[in-house]
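Some notes on the structure that comes next.
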């Protein structure tokens, strides 16, 4: 579809929506518009003036006049809590990151609108999707029948993978490692063998940012836990640090660090700091790193050197954490202050259409991407120079917290060789992906408060303790590990397990 035809169709659709929702008038919309609030993880992206919202207005007739956007998650959570407490709410939360507790609590208070009875009339795209996917509908619907938010949906979910430099393996004549011991040998060769062949000892065998990314390597010892360090095994809820495999993981990582195989800045740098350095690199210097895709760190040419490291085997099994589920909760919600709920719901519903999904994930056809004669598509990036710049300036959904339906089949038809390869390699890993703890609507607000109250301190203690063991600040011995586990127990580890056991989640 060419650009002019796309715009004509968008105008027609906008007209249909305006007619369908007579509560909203053009004069009213020009007078006040709508306010949205949310978290934007890309610190270089601004919602104000972003072409995504301009195009959304053209497609739906809905004008967003005020953006309460936060780059800091802590600041956003504080502002979100204050908005509910004071009543100074936006019309809607966009990239809302609403927790289960918030959805249940504020739906009960009436501050979040129950969308369930409105979907058939005002959100036909979402209604059609839920009719076809009863499992998704069940996951969105609270036990009392309320649907307080719309989700991010995808039949293809990007994950956080471990990437390894295939060129370096080939240069050094190394086979792909299949377990922790073999990976250790490969990393050692990366450090000493000058695999980037520049004559300098500048190779960083293994890079990650903080304990959160480091724990993706725990799968090498059979540990696949969620952000609460909880997982289920044969129906039993377990706290990862108390398991033998987790201690083996921490000891292995400490040994890698002592051998100089881990990025010396692993616990001192932010994602943006690491990216800013590597994005300008002329030569690859990382052997392995953790990320959703290699081009999040390197330019396209250098990214081509990296492939997904297949999950490492432990005791005859291979498992890997499924980070991003098919249903991401709390991404969009309408509040009680919204004076035109049908219009705001129609705005969101457009993102669950093929056209809206493409707009959110790929931008505007014939402006940001073009469809080729063979049915594949490619980015149009000359003005921006890099895909990262294009994504930041033109595309809204580059994260897992955006509302809408990712058009998976369309995304797979990319003509960009590395992107197509990334998706193929990700597809090949699907059989090993494990959901540590299945989502479950809990009817007890007290249980959620218990979990979040414990996690606030306990999660920090876990991550800090693991970091200190890995860096050698605390030597990992029987005594020091026992003290670490005792500290975690004293700060609610057993109570956390009991709380998750009470939720009734089961492994998927």
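The values are calculated or read from the model by the stated rules, or taken from the named source; none is laboratory data. Just so it is clear, the model here is predicted, and its values are computed rather than measured. Note that each Cβ is placed from the backbone with ideal geometry, even for glycine, and that neighbours are counted across all protein chains shown.
Just a few scattered comments:
- If you go through segment 52-76 and keep only what is within 16 Å of residue 42 (Cα to Cα) and part of a helix (DSSP H, G or I), you end up with 52, 73, 74, 75, 76.
- Looking across segment 232-246 at every residue that is within 16 Å of residue 318 (Cα to Cα) and modelled with pLDDT of 95 or more, the one that is surrounded by the most Cβ atoms within 10 Å (Cβ to Cβ) is identified as 246.
- Of 347, 332, all but one fail to be assigned to a helix (DSSP H, G or I), touching a residue at least 40 places away in the same chain (Cβ under 8 Å) and in contact with a helix residue (DSSP H, G or I) (Cβ under 8 Å, 6 or more places away or on another chain); the exception is 347.
- Within segment 114-153, the set of residues being at pLDDT below 90 and over 29 Å from residue 424 (Cα atoms) comprises 138, 143.
- The listed residues are 464, 419, 443, and the only one of them that is modelled with pLDDT under 90 and more than 19 Å from the chain's Cα centre (by Cα) turns out to be 443.
- Among residues of segment 383-406 being modelled with pLDDT of 90 or more and in a loop (DSSP other than H, G, I, E, B), the one that is farthest from the chain's Cα centre (by Cα) is 395.
- Filter result (within 30 Å of the chain's Cα centre (by Cα) and at pLDDT below 95) within segment 154-198: 154, 155, 156, 157, 158, 159, 160, 161
- Wholly within segment 229-302, strands (runs of 3 or more DSSP E) carrying at least 1 residues that are closer than 30 Å to residue 483 by Cβ and within 22 Å of the chain's Cα centre (by Cα): 230-233, 286-291
- Among the residues making up segment 474-488, those that are within 15 Å of residue 248 (Cβ to Cβ) and either within 30 Å of the chain's Cα centre (by Cα) or surrounded by 16 or more Cβ atoms within 10 Å (Cβ to Cβ) (or both) are 476, 481, 484, 485.
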